[in-house]
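Contents: one structure, followed by commentary.
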Amino acid sequence: GQLPTWLQGILLRNGPGMHTIGDTKYNHWFDGLALLHSFTFKNGEVYYRSKYLRSDTYNCNVEANRIVVSEFGTMAYPDPCKNIFAKAFSYLSHAIPEFTDNCLINIMKTGDDFYATSETNFIRKINPQTLETLEKVDYSKYVAVNVTTSHPHYDSAGNVLNMGTSIVDKGKTKYILFKIPPSVPGKKKKKSCFKHLEVVCSIPSCSLLHPSYYHSFGITENYIVFIEQPFKLDIVKMATAYIRGVNWASCLAYHKEDKTWFHFVDKKTKKEVSTKFYTDAMVLFHHVNAYEEDGHIIFDIIAHTDNSLYEMFYLKNLSKDLEENNKLTSIPTCKRFVVPLQYDKDAEVGSNLVTLPSTATAVKEKDGSIYCQPEILCEGIELPRINYDYNGKKYKYVFATEVQWSPVPTKIVKFNVQTKEMLHWGEDHGWPSEPIFVPSPDARDEDDGIVLTCVVMSDPKAAPFLLVLDAKTFKELGRATVDVEMHLDLHGMFIPEKDLKTETE
């Protein structure tokens with residue numbers, strides 16, 4: 001096929017790549033050592049490159065020829081031939097876990113720089129052109145967080161907004177929203193972005209010893225949307241996991257009898273909206289988008305009724321005949337919540353406060369809290385992406401992978417949240433990755449542009465490829481076949497040529 005002439009830049013993606021080191025194996029697919037890969041578009045041609053992230057974790061493991069650094073689903077233990085004192089010491093030093101810098105989930109842009117990210121306090125700077133691993137940044141030196149999300153937001157000024165959980169103050173567990181400026185005027189570029197990081201606000205956790213796990217958050221023009229779900233980390237269990245010989249993932253539990261709380265923070269005043277909004281228990285990883293309309297906040301998320309998605313990816317579950325034996329116990333559902341921020345304070349108990357046309361409701365309870373029920377937009381999609389120019393604004397289109405009862409996507413879709421229309425692309429034995437929308441330079445419509453996805457084939461004789469679709473029609477424009485094994489990845493970003501530093505190769 002043919003690529004649009006304007007498509008110049010790099011599609012950079014990240015995901016777990018190595019699951020066996022020497023005689024040792026990771027337990028969970030999300031634990032594998034990070035493998036970066038990129039497709040460079042230059043004058044109608046595509047170049048492929050992949051490289052392991054040379055994290056401290058990678059170097060320690062490869063040097064020892066076994067897994068020596070713990071990951072979320074795999075607890076690693078010191079060398080059995082070490083003496084008893086060394087062993088006792090490393091038990092104690094694990095009480096507050098020293099997290100891994102195996103940044104395998106996403107790519108983040110900060111100023112002119114790019115970082116591989118995961119959900120710990122470490123990120124690794126990388127060169128997007130050569131995929132070389134550069135310095136390690138520890139968020140906890142600049143803000144008191146122990147874990148962070150891998151899905152930051154970017155505002156029009158180029159600031160990065162992200163959230164992390166602070167477990168450091170005993171008994172004062174809280175969620176912290178922080179902002180990293182793109183660069184600092186008149187200063188040398190080096191490290192200054194993080195030195196000028198500022199805390200926007202903090203939200204106390206409902207439970208001091210059981211903070212909520214979260215993978216992303218939402219943002220509108222004036223508000224931050226944070227969902228405190230009953231999928232929670234047990235801090236005491238986590239601190240003793242090493243001694244008990246279990247992994248940290250076993251310290252996560254879903255409390256299906258609990259509520260899911262919605263928090264809205266006003267960006268200008270940095271204060272949380274005082275009304276208590278909640279819904280039933282659910283597990284969510286990905287926010288799709290959020291925006292404001294007539295005194296309401298509308299936000300779309302992909303929700304699960306349990307945490308079976310995480311359980312699915314234990315390698316012992318994946319090694320069976322994957323497509324046949326692995327069934328999710330719930331299909332992910334795209335839900336729209338409509339939350340009235342301005343409503344009649346004298347409204348009757350039991351009345352629905354939503355005044356927009358939607359099947360979503362927000363019902364006033366006796367104690368003044370508001371119980372929200374969503375509108376179901378569609379079922380069976382995950383890894384949602386939008387045209388990021390519409391982030392925080394009213395929008396139409398979601399690009400996503402289709403996930404039915406199996407954890408591995410077989411199709412990608414374009415879904416119109418307003419008309420509920422859906423377009424599909426799929427190929428036999430093809431497993432596409434998260435689709436990324438790239439707007440065309442003179443775009444007028446929200447879907448003017450292309451969609452990029454990497455397709456891994458489950459048939460060993462078929463070669464993997466990069467697929468380029470017209471975002472409007474969802475018709476194939478072209479594909480670039482790769483003659484090496486490609487891994488299933490998680491997230492990534494497209495970097496236009498203008499955002500790449502012209503460093504001498």
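Filter the strands (runs of 3 or more DSSP E) completely within region 107-153 down to those with at least 2 residues that are among the hydroxyl-bearing types (S, T, Y) and closer than 15 Å to L53 by Cβ.
Passing ranges, in order: 113-117.
For region 19-50, give me each residue that is within 20 Å of P432 (Cα to Cα), part of a strand (DSSP E or B) and either in contact (Cβ under 8 Å) with a residue 40 or more places away in the chain or in contact with a Cys (Cβ under 8 Å, 6 or more places away or on another chain) (or both).
Across region 19-50, the qualifying residues are A34, L35, L36, H37, S38, F39, T40, V46, Y48, R49, S50.
Condition (residue is in contact (Cβ under 8 Å) with a residue 12 or more places away in the chain, surrounded by fewer than 18 Cβ atoms within 10 Å (Cβ to Cβ), out of contact with any Ser or Thr (no Cβ under 9 Å at 6 or more places or on another chain) and of a type in the set (S, T, N, Q)) applied to region 217-233: is it met by at least one residue?
yes
Which helices (runs of 4 or more DSSP H) sit wholly inside region 223-325 and have at least 1 residues that are more than 26 Å from F399 (Cα to Cα) and among the aliphatic types (A, V, I, L, M)?
Those helices (runs of 4 or more DSSP H) span 235-244, 315-318.
Residue under question is K396, and the condition is that it be farther than 29 Å from F299 by Cβ, open to solvent by 10 Å² or more (accessible area, probe 1.4 Å), of a type in the set (D, E, K, R) and at pLDDT 95 or above; does it hold?
So K396 fails the test.
Could you check region 469-505 and list, in sequence order, the residues that are over 13 Å from T40 (Cα atoms), in contact (Cβ under 8 Å) with a residue 60 or more places away in the chain, open to solvent by less than 30 Å² (accessible area, probe 1.4 Å) and part of a strand (DSSP E or B)?
Residues satisfying the conditions are G478, H491, G492.
Among the residues that make up region 415-431, is at least one of them at pLDDT below 95, buried (at least 17 other Cβ atoms within 10 Å of the Cβ) and not in a loop (DSSP other than H, G, I, E, B)?
Checked region 415-431: at least one residue is at pLDDT below 95, buried (at least 17 other Cβ atoms within 10 Å of the Cβ) and not in a loop (DSSP other than H, G, I, E, B).
Just give me the residues in region 399-413 being in a strand (DSSP E or B) and open to solvent by 10 Å² or more (accessible area, probe 1.4 Å), in sequence order.
Matches in region 399-413: E402, K411.
Can you say whether A347 is more than 19 Å from the chain's Cα centre (by Cα), hydrophobic (A, V, I, L, M, F, W, C) and more than 30 Å from D155 (Cα to Cα), as far as the supplied structure shows?
Yes, satisfied.
Have a look at F465, F437 and point out the one that is within 18 Å of E45 (Cβ to Cβ) and surrounded by 20 or more Cβ atoms within 10 Å (Cβ to Cβ).
Sole residue among the options that is within 18 Å of E45 (Cβ to Cβ) and surrounded by 20 or more Cβ atoms within 10 Å (Cβ to Cβ): F465.
Taking the condition open to solvent by 10 Å² or more (accessible area, probe 1.4 Å), within 25 Å of H491 (Cβ to Cβ), of a type in the set (S, T, Y) and modelled with pLDDT of 90 or more, does Y154 pass?
Spelling it out, Y154 is indeed open to solvent by 10 Å² or more (accessible area, probe 1.4 Å), within 25 Å of H491 (Cβ to Cβ), of a type in the set (S, T, Y) and modelled with pLDDT of 90 or more.
Find all pairs meeting these conditions: Cβ atoms under 8 angstrom apart; at least six residues apart or on different chains; first residue within region 287-315 and in contact (Cβ under 8 Å) with a residue 12 or more places away in the chain; second residue of a type in the set (K, R) and buried (at least 22 other Cβ atoms within 10 Å of the Cβ).
Filtered contacts from region 287-315: D300/K335; I301/K335; I302/K335; A303/K335.
The values are calculated or read from the model by the stated rules, or taken from the named source; none is laboratory data. As the structure is a computational prediction, the values presented were derived from the model and not from experiment. When we count neighbours, we look across all protein chains shown, and the Cβ atoms used for this are built from the backbone with ideal geometry, even at glycine. These area figures cover heavy atoms from the full protein model, side chains too; ligands, DNA and RNA do not enter into them. Shrake-Rupley method; radii C 1.70, N 1.55, O 1.52, S 1.80 Å.
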